[in-house]
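A short write-up of the structure that comes next.
The values are calculated or read from the model by the stated rules, or taken from the named source; none is laboratory data. As the structure is a computational prediction, the values presented were derived from the model and not from experiment. In this analysis, Cβ positions are derived from the backbone assuming ideal geometry, glycine residues included, and neighbour counts consider all displayed protein chains.
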Amino acid sequence: MSDFRTYELRQLRPRLREEVSFTWQSYGGAECYVLEDASRGAFFRIGLPEYTFLSLLDGRTTIGDAITQTVNVLGREAFDEQQAGVICHWLVESKLLAPDGPRDQNGQADQAEATKLARRLNPLSMRLPLGCPQPMLEALDSVAGGLFSLGGLLVWLTIMACAAWQLAPHTEQLWRESAVILSPHNWWWIALWGLGLKVVHETSHGLACVRFGGRVRDAGIVFVLLAPVPYVDLTSTWRLPKWRRIVTSAAGMFAELLIAAVAAILWANSNDELLRQHLLQLMLTASVVTLLFNANPLMRFDGYYILADWLELPNLAVHGQQWLIHLVKRWLLGVSSTSPTWPEGRTWLVAAYGVTSAMWRLVVSVSLIVAAAVWFEGAGIVLAAGAVLAWFVHPLWRGLRYVLVGTAFERPSRTRFVAIATCLAASLTWLLTSVTAWHSIALPGVVESVDAATVRAESSGFVEEVLVESGQTVSAGDPLIRLSNHELESQRRQLVIEIERSVLRSRTFQQAGELAARNAEDDNRAGLETQLEELDDLCEQLLIRAPLAGVVAASDLLSLVGSYVAPGRELLVIGDAEEKEVRVLISPEQFEAASLSLDHVVRVRLTDDGFAAAGSLHKIEPRATVHAPHPALCAGAGGPIVTKVSASHSAQRSRDSQELLEPHVIGYVSLDRATSRLLGPGQLATVSIAEAPRPLGCWLLERSERWLTAHHEIWTGKHNQQLLAKRPAPFREFDVAERPVLPSSETTIRR
């Protein structure tokens, strides 16, 4: 029977379809050919023996004659009849052979059309073709095609260098403004910029493909969870040389980074705040977002194709998935099979990529499902359910069916599967319920002096000179700041003149014998002298002196020069150099853990130099506030806390003009004298406190619930009343209408 089938195979006269063509390439130092099916946009890479054999299949030559001619041409490099049978089977499966009759051809066309329709109507990833963009890209090539040349690369590098040079002096400002730009109310603008950049991105891919001789057969929009994403069909790039394929894959990022560089240059040289905000949004979207997603080789985006072409592993993702499936079959199901091998070799690289990409796909899939459920609410629940069915339930069902039924050639061991799955489930249950999790919470804080004296302006005036600097040690009575008040000095000079005139009038009345008039003038002069004494006191107060010995602490003293200060304005703080504490901000979610850490040792680490020391959380205020204990904590001054401008215009102090996004409680961490001498007031610090120990599963569940709840409020902009009801007592009276300021007379929570 085997001989008869071999004889039958040798007598067949197959013919390749007319749409099939071959292109020679050098890949991995070896000669190969790219087989292209133009009608379906499919590409295959084959070796020289396969090409020689396939080129003889013209419908007149039998397979036996084709094998004989291949042997005559290649000698030992040719393959035998068994390998020829495998190739013929592959040709049939890949639909590369011409059909025998019109019925078969129509059937294949109907099946292909049904497959395309099913892909287009997939609710998780609907595709909307918009036609062939080849004519438009060919017209655009004459204008902008030079970007993808050596000259274009030099221009691109020059613009990138100019952008880096322009941004270098503004890195701190860029980092500070980026935190505000990425706030939720700017997300719609970022989404619009992203959509426009995606159009430019895909157009650049198509332009590079046309520039290097490829053809873009199709372009359109893919709706991924209802989000529109443009696409272009670049399958024709498989016929291009290696480095041209890499350039085509990188063309989209090339264009976006060019736009980001131009936006950066304009941002650094613009003074219009609204324009700067939009330029910064464009710059971040075209650079950070592009590099995070498109340059990521673990997803089937530009970075993957660049990596695959550079390593010359065209099926890296497929081979990695095959290796994972082989691993599961062998160790979990007991299926005895040989380890998969590939022509390119490098199994270790394929295995590493398969594991990391599978983990990344899991993270991305879960993130997309959560995002759909949160963003689109009711419709999002339906989309999320469909995604769970398509991405998790369906593959698991196929795997379970394989375990129960197997295939004609593979019989998995159900006993082995149940035993291993039970052990894994038991181990995971034990891990989540029995293992205790000890986790720490980081609280932002600032170093302050204990019982520090606040120095305020007693007279109004303009700051003429600052005589000290932050961190300087002063003694009681040392001059700190000199004010000038020309109106006050003018009033004093006028009073001196009036007093001198009064003295002259008294002498005149004395000489004239008018004693009553002289007595009245003396009384008037006494009043003027009293006013002069008061003015002298006010003028003396223009030179502000230290009320006690200690260390000066202020955020930016030099900025006071030339500014007007009213009476009572806070200027600086003087405290004991050997008695300092760290004042921390505690959010509602951190309040419980902070309360349990009262009178316990906590770890303090400075933000700037990493200096670490021990402290004790000895006090927590009983009521929350929306004002930071020090301006250095606010994002506007380079701190970690994002603030907003206060809605109240009655705030006189600068620190009251900025409000926290949500109320916080202030805690106090005491430091020993040795540590206090090493720290300066105003230094930022992070205080780590330990949460109560709990099972790992409970901790993960609580963190996930907290994260989802917080991000649901951020994404939807809705206030969660249930979460507000669960807040600790210090936070409950804070709502949108009323935010009381912490009274200084309140007692503190102590243990």
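Results, tabulated for the structure shown:
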quantity	calculated
Flag if Pro123 is at pLDDT below 70, under 49 Å from the mean Cα position of the chain (by Cα) and over 20 Å from Val20 (Cβ atoms)	yes
Residue in segment 220-235 that is in a helix (DSSP H, G or I), assigned by TED's automatic domain parsing to the domain that holds Pro129 and out of contact with any helix residue (DSSP H, G or I) (no Cβ under 7 Å at 6 or more places or on another chain) present	yes
Checking Arg401 against (1) modelled with pLDDT under 80; (2) assigned to a helix (DSSP H, G or I); (3) not aromatic (Phe, Trp, Tyr), the condition it does not meet	(1)
In segment 670-722, residue modelled with the lowest pLDDT [restricted to those that are closer than 22 Å to Trp430 by Cα and in a loop (DSSP other than H, G, I, E, B)]	Ala692
Residue identified as of a type outside the set (A, V, I, L, M, F, W, C), in contact (Cβ under 8 Å) with a residue 12 or more places away in the chain and in a strand (DSSP E or B) among Arg482, Arg492	Arg482
Residue check for Val468: part of a loop (DSSP other than H, G, I, E, B) and modelled with pLDDT of 80 or more	yes
Qualifying residue in segment 549-564 (condition: at pLDDT 85 or above, of a type outside the set (S, T, N, Q) and more than 36 Å from the chain's Cα centre (by Cα))	yes
Residue in segment 543-560 that is outside the structural domain of Leu633 (by TED's automatic domain parsing), surrounded by 18 or more Cβ atoms within 10 Å (Cβ to Cβ), part of a helix (DSSP H, G or I) and of a type outside the set (A, V, I, L, M) present	no
Condition broken by Ile574, with the remaining ones in (1) in contact (Cβ under 8 Å) with a residue 60 or more places away in the chain; (2) among the β-branched types (Val, Ile, Thr); (3) farther than 13 Å from Ser449 by Cα satisfied	(3)
Any hit, segment 497-504, residues being over 26 Å from Pro567 (Cβ atoms), touching a Phe, Trp or Tyr at 6+ places or on another chain (Cβ under 7 Å) and of a type in the set (Lys, Arg)	no
Total residues in segment 481-495, condition surrounded by 12 or more Cβ atoms within 10 Å (Cβ to Cβ) and either at pLDDT below 85 or on the phi > 0 side of the Ramachandran plot (or both)	7
Verdict on Val350 being more than 30 Å from Met160 (Cβ to Cβ), of a type in the set (Val, Ile, Thr) and crowded, with 17+ Cβ neighbours inside 10 Å	yes
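So that you can scan it fast, the table gives a plain yes or no per residue for (1) in a loop (DSSP other than H, G, I, E, B); (2) loosely packed, with under 14 Cβ neighbours inside 10 Å; (3) polar (S, T, N, Q); (4) not assigned by TED's automatic domain parsing to the domain that holds Leu661:
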| site | (1), (2), (3), (4) |
| --- | --- |
| Glu521 | no, no, no, yes |
| Thr530 | no, yes, yes, yes |
| Arg583 | no, no, no, no |
| Ala593 | no, no, no, no |
